Amino acid sequence: MRNVSQIGIVMMVVLTAGFLLQPSLLFASSGTRSEKNPERAEHIVRIQNRQFIPHVLHLRVGQPTRLILKNEDAELHAFVPEALFVRANVQVSGNGAPQFGDQGFRRVLLPTMGQTELVFAPKRAGSFPFFCDLPGHVMNGTVVVEE
């Protein structure tokens with residue numbers, strides 16, 4: 001009986017230590033504290049009246065970034081970044097339809113009232129245009145990545 005009690009105590013200590021090492025687990029159900037990361041930049045780009053708002057984004061090389069794309073138009077749109085994500089790890093979530101090519105993330109199609117989140121860290125400084133490549137949509141913007 002003594003061995004069973006000792007195993008129970010050891011398991012309780014291990015579980016408690018796991019929560020102490022991962023404090024975000026304590027707040028995971030609230031959906032607020034675990035999503036906030038003071039070291040990560042967060043930018044929201046809204047699509048309204050066939051325009052990207054804001055038109056220019058400023059990011060920093062190597063800084064973890066969460067880019068939220070919200071299509072508030074009554075039509076389908078695309079977000080096509082040129083060269084921003086070459087050789088970059090991009091995590092994509094939301095209800096958009098991401099497309100990948102031989103160099104990684106290529107574009108995402110955003111349905112009406114759709115939202116997609118891209119989490120990444122810019123690899124190099126520069127000016128990177130983005131646009132909607134659907135026929136007749138003359139929408140564009142620029143991501144400026146600084147050192």
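Brief remarks on what is shown
- Looking at segment 43-147, the trypsin sites (Lys or Arg not before Pro) that sit in a DSSP loop and have at most 13 other Cβ atoms within 10 Å of their own Cβ are R87.
- Semi-axes of the equivalent ellipsoid for segment 38-146, Cα gyration tensor, largest first, Å: 21, 14, 14
- Each Lys or Arg adds one and each Asp or Glu takes one away; over the other residues whose Cβ falls under 11 Å from the Cβ of M113, this sums to -2.
- Mean separation of Cα pairs under 8 Å and 6 or more residues apart, divided by the residue count, gives segment 38-146 a relative contact order of 33 percent.
- Dipole of segment 38-146, positive direction: furthest Cα of Q63, G94, V143, with charges on the beta-carbon: Q63
- Relative to the Cα centre, the charge distribution of segment 38-146, modelled as +1 at Lys and Arg Cβ and -1 at Asp and Glu Cβ, gives a dipole magnitude of about 240 debye.
Read the figures in this text as sums done on the coordinates, not as results from a lab. Given the structure is predicted, the values throughout are model-derived calculations rather than measurements. Cβ coordinates were reconstructed from backbone atoms using ideal geometry, including for glycine residues, and neighbour counts include every protein chain displayed.
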